[in-house]
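The values are calculated or read from the model by the stated rules, or taken from the named source; none is laboratory data. Only a predicted model underlies this, so the values are computations on that prediction, with no experimental measurement involved. FYI the Cβ positions are ideal-geometry reconstructions off the backbone, even for glycines, and counts take in every protein chain you see.
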Amino acid sequence: MLRKSFSFLTAQLNSTPKAIARLGASGPISMRYFPMILMAVLVFLVGLTTHLQAQGCVPARFMALSLGPNGITPLQPGEWQVGANFRYLYADEGWLGTHQWPAYSTVVGNQITVVSTDVQATYAVSARFSATLTVPYSYGQTSNPREHDGTRHEVNAHGIGDVRLVGNMWLFDFNSQRAGNLSIGFGVKMPTGDEAATAIFYKPGGPQELPVDISIQPGDGGWGGIFEMSGFRELSEHLHGYLNGFYLVNPQEQNKAFTHAPILGQIRQLSVPDQYLFRAGLSWAVAPGRGLSLTLGGRVDGVPPHDLIGGNEGFRRPGYVIYAEPGLTWIKGRNTFNLFVPVRLDANRQRNVYDEQTNTDGGGAFASFLIVTSFSRTF
């Protein structure tokens, strides 16, 4: 299915009068091709998620288009946009497969808190080409009696995460077509974060310094390839549809951190899993003169059970979370503020390779809601 979807996408792009290889060099693609390209991208993403047998995760990223009354105002050549994104999550409700696990609080009892900030700087090479550098910082805390001597203790990890550099390209020229556009991006994720942060755990035999839970490690220890996609389309006056997609390919199989307890008879290293995010919805300019818009959409965050490239050994908690995502955007001059509060609708803690070998379901916790905000300024 993945190969068929990719072939379909390639065929659609190559069928346009100006092939993808000449984008930007020979002028804009006609706007009449926008629905065709959008459909091709969506079919590709559907094929991708089918190939991955659904997916999932606790991690959540910030990715949003700042849609105003007239859609997107692109950066002009030589302009910078600098900003920061903030995210908060708390997870203490367990899942086994597609079902909530009522006994999670007593059997496992892990309580996860993650507060993270991404500092971003985007430079516009032209009106259609830009590059974005993202430097993340996170603070994570877990509280789990099973990791200790039966008494609840808190451990934490914090630090710089994995830095990302992504180049983006708008497929259409904003000067001739402002009713809709589609952006694609490719980049690299660098292993700058600590994937084996440690803390003191109070075991029955005495205190031990061990790696913290995979859910709060600042980094994953591997180089990765990034694919991004964003698009919007004017549906009526002051009403736009939007979509965002992100997939991180991590070819490295495992890092140097490890589990505390044996899995199938031995201590396991942590996996370096792929990750993904998909968002889609509507943006309505409720107060166009004040730059205020409300949004409502859906969001899926995921970590797949199996990676696109490389092996699947190592411990991971694969699964996905489906959120309803209300939010607002306020644009004032060169300043933009976003606030989103995704609320969980459903989740699936999928089986990792060890669960598959034993034909059992492993547990995992998913946040019931997130708080995601951002502020940026154009220079």
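Details
- Only residues that are over 30 Å from His158 (Cα atoms) and touching a Ser or Thr at 6+ places or on another chain (Cβ under 6 Å) were counted across region 168-206, and they come to 2.
- Out of Thr113, Thr142, sole residue that is in contact with a Phe, Trp or Tyr (Cβ under 9 Å, 6 or more places away or on another chain), crowded, with 16+ Cβ neighbours inside 10 Å, assigned to a strand (DSSP E or B) and in contact (Cβ under 8 Å) with a residue 24 or more places away in the chain: Thr113
- Residue within region 329-341 that is under 15 Å from the mean Cα position of the chain (by Cα) and touching a residue at least 60 places away in the same chain (Cβ under 8 Å) present: yes
- Single residue of region 253-267 satisfying the filter (surrounded by fewer than 20 Cβ atoms within 10 Å (Cβ to Cβ) and in contact (Cβ under 8 Å) with a residue 24 or more places away in the chain) that is nearest to Met169 (Cα to Cα): Glu253
- Matching residues, region 229-251, being in contact with an Asp or Glu (Cβ under 9 Å, 6 or more places away or on another chain) and surrounded by 20 or more Cβ atoms within 10 Å (Cβ to Cβ): His240, Asn244, Gly245, Tyr247, Leu248, Asn250
- Positions within region 282-328 being among the hydrophobic types (A, V, I, L, M, F, W, C) and within 15 Å of the chain's Cα centre (by Cα), in sequence order: Val300, Val303, Val321, Ile322
- Residues in region 350-373 that are crowded, with 22+ Cβ neighbours inside 10 Å and farther than 19 Å from Ala91 by Cα: Asn352 only.
- With respect to the conditions (1) over 30 Å from Glu237 (Cα atoms); (2) surrounded by fewer than 16 Cβ atoms within 10 Å (Cβ to Cβ); (3) at pLDDT below 95, Asn175 lacks only one, and its number is (1).
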